[in-house]
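Structure record follows, encoded as structure tokens.
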Amino acid sequence: MIAPVPWFPFKQEVFGHYGSLARTEKSADRFGLSVRYPRYLTIPMVGMHLAPELLYRGTVNQVRQSVEKSGAMLIDAHYFFPDGVVAAKIGRALGLPVVISARGSDINLISRYEGPRKRIVEAANQAVAIIAISHALRDRMIEIGVDRERIHVLRNGVDLEVFEPVSIQTAQANTGIDKPTMLAVGNILSSKGQDIAIRVLAHIPDLDLVIVGEGPDRQAFQQLAIDLGVSDRVRFVGRVSQTELKNWFSAAEFSVLASMREGMPNVLLESMACDTPVIANNVGGVPEIVSVPQAGRLISNRTPEALAAAIVDLRALPPKIGATRAWAENFSWDPTVAGQVSLYREVLRDSLGSKT
């Protein structure tokens with residue numbers, strides 16, 4: 001596994017996200033896998049146009065060495081730009097088939113720009129197979145010119161052992177939540193909509209908000225809560241490990257995701273696996289997850305008023321205990337893994353011959 005990291009010279013925390021990138025180790029073992037983190041140069045303002053070439057130069061030798069050492073016969077790339085574009089180029093250089101997975105904003109956002117869109121379509125044409133994590137993402141890929149017949153929909157899944165309901169007593173003890181609370185988990189960005197969750201508190205006076213995650217808009221959203229007079233009901237807890245997230249989901253009345261765009265957000269599946277319903281904006285693959293009442297509610301407008309109406313509706317007809325978890329069990333990783341393995345075998349059979 002190779003996970004390239006943008007190069008940055010300073011490791012101090014004052015440099016925020018870029019400082020954390022500089023602190024990333026060069027290699028590590030993750031779940032029994034060896035992971036390398038090669039650096040590649042990024043250039044502000046013109047990075048989108050130069051990123052594929054710079055990423056290629058920073059990773060091609062690492063990939064070549066890994067292939068020679070492991071005997072790998074296929075390159076599997078995630079996120080179409082620049083990673084998928086670079087993977088297609090490396091695949092040509094090494095004579096290996098390439099599968100590229102579209103994850104969300106790589107197609108929904110980056111493909112809006114003419115240059116990257118052209119590179120994405122070129123890479124898609126060079127790949128032996130393409131994976132979309134939702135039907136909505138597949139449709140967008142077709143819209144920008146990717147061949148429909150070569151796209152395979154293999155949705156995201158949830159680890160039902162890591163994410164499971166925790167007793168309310170244990171969850172409250174581990175989180176300090178003791179009032180009706182909605183939970184917002186994710187990068188703190190205006191595009192993720194935590195500000196809408198803050199604003200809705202003016203409409204729902206008996207509700208608190210806990211925000212899990214970090215991001216560049218945290219300070220602005222903290223100030224927003226102060227300006228609206230609801231800061232005593234908003235709690236920012238920073239990043240939380242995956243193993244601890246189940247406590248936060250289980251302690252919350254429901255979770256909220258008011259994103260501008262999404263592929264198929266794992267955070268919704270994780271919440272539901274903990275038997276906590278969700279309220280989410282009707283974008284991307286979200287309606288493929290929140291398609292029954294026991295999953296939660298959808299909003300079609302990213303406004304506090306729309307979110308407030310959904311909260312009132314969910315509270316009026318909440319799912320029975322266990323119903324949300326039961327729905328989440330339809331989204332285990334098992335069928336996705338089986339589909340991916342089957343696709344890899346087909347690709348290798350077609351590309352490398354029956355001996356594989």
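Quick one: count up the residues across the stretch 122-167 that are touching a residue at least 24 places away in the same chain (Cβ under 8 Å), touching a helix residue (DSSP H, G or I) at 6+ places or on another chain (Cβ under 7 Å) and of a type outside the set (Gly, Ala, Ser).
20
Can you tell me which residue in the stretch 91-102 is farthest from Asp147 (Cα to Cα), limited to those that are crowded, with 21+ Cβ neighbours inside 10 Å and either of a type in the set (A, V, I, L, M, F, W, C) or out of contact with any His (no Cβ under 6 Å at 6 or more places or on another chain) (or both)?
We begin by selecting, within the stretch 91-102, every residue crowded, with 21+ Cβ neighbours inside 10 Å; these are 91, 98-102.
When the remaining residues are screened for being either of a type in the set (A, V, I, L, M, F, W, C) or out of contact with any His (no Cβ under 6 Å at 6 or more places or on another chain) (or both), the result is 91, 98-100, 102.
Numbers: Gly91: 19, Val98: 16, Val99: 14, Ile100: 13, Ala102: 14 Å.
Applying the filter and picking the extreme gives Gly91.
Does Asp195 count as at pLDDT below 95 and either on the phi > 0 side of the Ramachandran plot or over 16 Å from the mean Cα position of the chain (by Cα) (or both)?
Details: at pLDDT below 95: no; either on the phi > 0 side of the Ramachandran plot or over 16 Å from the mean Cα position of the chain (by Cα) (or both): yes.
No.
Pairs please, first residue from the stretch 324-342 and assigned by TED's automatic domain parsing to the domain that holds Glu253 and at positive phi, second anywhere and in a strand (DSSP E or B) and at pLDDT 95 or above, Cβ atoms under 6 Å, 6+ apart in sequence or on different chains.
Filtered contacts from the stretch 324-342: no entries.
Being assigned to a helix (DSSP H, G or I), hydrophobic (A, V, I, L, M, F, W, C) and more than 28 Å from Glu270 (Cα to Cα), is that true of even one residue in the stretch 112-122?
Step one: list which residues in the stretch 112-122 are assigned to a helix (DSSP H, G or I), which gives 112, 114-122.
Filter once more, so that each one left must be hydrophobic (A, V, I, L, M, F, W, C): 120-121.
In the following step, the residues that additionally are more than 28 Å from Glu270 (Cα to Cα) were identified as 120-121.
Yes, there is a match, as at least one residue in the stretch 112-122 is assigned to a helix (DSSP H, G or I), hydrophobic (A, V, I, L, M, F, W, C) and more than 28 Å from Glu270 (Cα to Cα).
I'm trying to understand the selection: among the residues of the stretch 249-291, which are out of contact with any Phe, Trp or Tyr (no Cβ under 7 Å at 6 or more places or on another chain), assigned to a strand (DSSP E or B) and β-branched (Val, Ile, Thr)?
Val256
Of the residues Leu307, Leu348, which is in contact with a His (Cβ under 9 Å, 6 or more places away or on another chain) and assigned to a helix (DSSP H, G or I)? Even if it seems obvious, please write down each step before you answer.
Details: Leu348 fails: in contact with a His (Cβ under 9 Å, 6 or more places away or on another chain).
Going through Leu307, Leu348 in turn, the sole match is Leu307.
Which residue, of Gln172, Gln222, is touching a Phe, Trp or Tyr at 6+ places or on another chain (Cβ under 8 Å), more than 26 Å from Gly284 (Cβ to Cβ) and surrounded by fewer than 22 Cβ atoms within 10 Å (Cβ to Cβ)? Write out each step before concluding.
Values: Gln172 fails: touching a Phe, Trp or Tyr at 6+ places or on another chain (Cβ under 8 Å).
Only one candidate passes the filter, namely Gln222.
Looking at (1) at pLDDT 95 or above; (2) surrounded by fewer than 19 Cβ atoms within 10 Å (Cβ to Cβ), which is the only condition Leu109 fails?
It fails just one condition, (1).
Scanning the stretch 252-266 for residues that are crowded, with 24+ Cβ neighbours inside 10 Å and within 11 Å of the chain's Cα centre (by Cα), which turns out nearest to Arg155 (Cα to Cα)?
Met264
Each row is one residue, and each column tells you yes or no for (1) more than 22 Å from Asn108 (Cβ to Cβ); (2) not acidic (Asp, Glu).
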{"site": "Glu253", "(1), (2)": "yes, no"}
{"site": "Val256", "(1), (2)": "no, yes"}
{"site": "Ala273", "(1), (2)": "yes, yes"}
{"site": "Ile279", "(1), (2)": "no, yes"}
{"site": "Pro287", "(1), (2)": "no, yes"}
{"site": "Ser291", "(1), (2)": "no, yes"}
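The values are calculated or read from the model by the stated rules, or taken from the named source; none is laboratory data. Not measured: the values here are computed from a predicted model. Heads up, the Cβs are rebuilt from the backbone with ideal geometry, glycines too, and the neighbour counts pull from every protein chain shown.
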